[in-house]
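Visitor: I am attaching a structure below and will ask some questions about it afterwards.
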Amino acid sequence: MVSRIILWAMIFLYFLPAAVASYRRLPRKDHIIAVNTLLGWTVIGWLIALVEALRGSFQRPVSSKTVLKAAFAIAVSLVFITLILLWLTHPSMRD
């Protein structure tokens, strides 16, 4: 139980820059999400994504369509990370 809580906390922290960029509706949020998803496993990639997400300025209010797009992007990223974690932790999935 504790290990699942830790795992979800780590996943939340991993995608924090993407969530911040989506919430703030930054013009380059797609780039930030891509850097976070693809290079976030490196500390430098995660820090770059976080700094870029915090550095931009707020835009107009968020529409429900934008929220759905951001939620979909994060959900796809979570599925991708989950599959990688499953592949790494279960030897039977590597065959």
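For (1) of a type in the set (D, E, K, R); (2) closer than 16 Å to F80 by Cβ; (3) within 11 Å of the chain's Cα centre (by Cα); (4) part of a helix (DSSP H, G or I), each residue gets a yes or a no:
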site	(1), (2), (3), (4)
R4	yes, no, no, yes
A9	no, no, no, yes
L13	no, no, yes, yes
I33	no, yes, yes, yes
I44	no, no, no, yes
L50	no, no, yes, yes
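Visitor: Taking the condition touching a Gly at 6+ places or on another chain (Cβ under 7 Å) and at pLDDT below 90, does R24 pass?
Guide: When the stated conditions are applied, R24 passes them.
Visitor: Quick check on my filter: what residues within region 10-37 are within 17 Å of K65 (Cβ to Cβ) and hydrophobic (A, V, I, L, M, F, W, C)?
Guide: Residues satisfying the conditions are A21, L26, I33.
This table checks each residue for (1) hydrophobic (A, V, I, L, M, F, W, C); (2) surrounded by 12 or more Cβ atoms within 10 Å (Cβ to Cβ); (3) out of contact with any Ser or Thr (no Cβ under 8 Å at 6 or more places or on another chain).
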site: I32; (1), (2), (3): yes, yes, yes
site: T37; (1), (2), (3): no, yes, no
site: G40; (1), (2), (3): no, yes, yes
site: W46; (1), (2), (3): yes, yes, yes
site: L50; (1), (2), (3): yes, yes, yes
site: A53; (1), (2), (3): yes, yes, yes
site: S77; (1), (2), (3): no, yes, no
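The values are calculated or read from the model by the stated rules, or taken from the named source; none is laboratory data. Given the structure is predicted, the values throughout are model-derived calculations rather than measurements. Here Cβ is always computed from backbone atoms with ideal geometry, including for glycine, and neighbour counts include all displayed protein chains.
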